[in-house]
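*Asks:* Take a look at the following structure, please.
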Amino acid sequence: MGDTTGPPEPTLEEQIAAYQREYSDLDPQVEQIVSALGRLNRRMNVAYGRQSAQLNMSNADWEVVKALVLSGPPYQLGPGDLAKRLGLTPAAMTHRIDRMVAEGLVTRDRDEQNRVRVIVELTDEGRQKWLRSMSLASAFEEDLLQDLTPGERSILGGMLSRLLRRVEETQPDAGGRLSDLD
């Protein structure tokens, strides 16, 4: 575990002031938005990680389970498809699948139609853990957005979706990871 006794993270305002001090061309409005989004993302990932840990699941496991759920019934994908969707190397995906098979979250079998092809399938246990994680996440997200009216939620959702589309259009490779994290 890292040292958590160091100085606290600067406030968003302190961070922007320091950036402006060091880089005079900084647009403080832009920096406030992107810094707030970055901090929010990091803190949400920590919260989701805690929830996954309650279910004895890692964030990495949850990403695989999510990809299988999104594929729809019968919740099956090949390891290569999973690796591509998650931005992982085939070796990292194999390692992740090995761990998840041992934990009972997925199965890995040969495709009966094509014996060369491997199929990864979500187990009932994996689906139940996903449903429990979604319940925890929904409660957390409702609490997070409690101060926003339905109209504000709609506007924020629309704006964030536009930002996401912009990144996806201009940075098509940004869905992957720079390196394998597990």
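*Asks:* Using the Cα centre as the reference, give the magnitude of the dipole from point charges on the C-beta atoms of the chain (Lys, Arg: +1; Asp, Glu: -1; all else neutral), rounded to the nearest 20 debye.
*Replies:* 580 debye
*Asks:* For a quick check, take a GNM of the chain with Cα springs below 10 Å and name the residue from A139, A17, A67 with the largest mean-square fluctuation.
*Replies:* Fluctuation is largest for A17.
*Asks:* Are there any trypsin sites (Lys or Arg not before Pro) in the range 80-165 that are in a DSSP loop and have at most 16 other Cβ atoms within 10 Å? List them by number.
*Replies:* R115, R117
*Asks:* Another question, then. Remind me, relative contact order of the chain in percent, using alpha carbon pairs under 8 angstrom and six or more residues apart?
*Replies:* Rounded, it is 19 percent for the chain.
*Asks:* Related question: Please give the charge dipole size of the range 89-182, origin at the Cα centre, charges +1 on K and R Cβ atoms and -1 on D and E Cβ atoms. Round to the nearest 20 debye.
*Replies:* 260 debye
*Asks:* If you don't mind, there's one more thing I want to ask. Computed from the coordinates I sent, Rg and Dmax of the Cα atoms in Å equals one of [x] 19.9, 64; [y] 26.3, 110; [z] 28.7, 105. Tell me the label.
*Replies:* After the calculation, the listed value that fits is [x].
*Asks:* Quick one: compute a quarter of the convex hull surface over the Cα atoms of the range 1-69 and quote it in nm².
*Replies:* Value for the range 1-69: 7.0 nm².
*Asks:* As a test of the formula, what do you get for the chain when each DSSP H run with n ≥ 4 contributes -39,500 (n - 2.57) and the sum is divided by the residue count, at 222 nm and rounded to the nearest 500 deg cm²/dmol?
*Replies:* The per-residue figure over the chain is -20500 deg cm²/dmol.
*Asks:* Rounded, prolate or oblate for the range 123-174? Axes are the square roots of the Cα gyration tensor eigenvalues, ordered a ≥ b ≥ c, and the cut-off for rounded is a/c under 1.5.
*Replies:* oblate
Each reported figure results from applying straightforward, stated rules to the coordinates on display, with no laboratory input. Since we're looking at a predicted model, the values are computed, not measured. Heads up, the Cβs are rebuilt from the backbone with ideal geometry, glycines too, and the neighbour counts pull from every protein chain shown.
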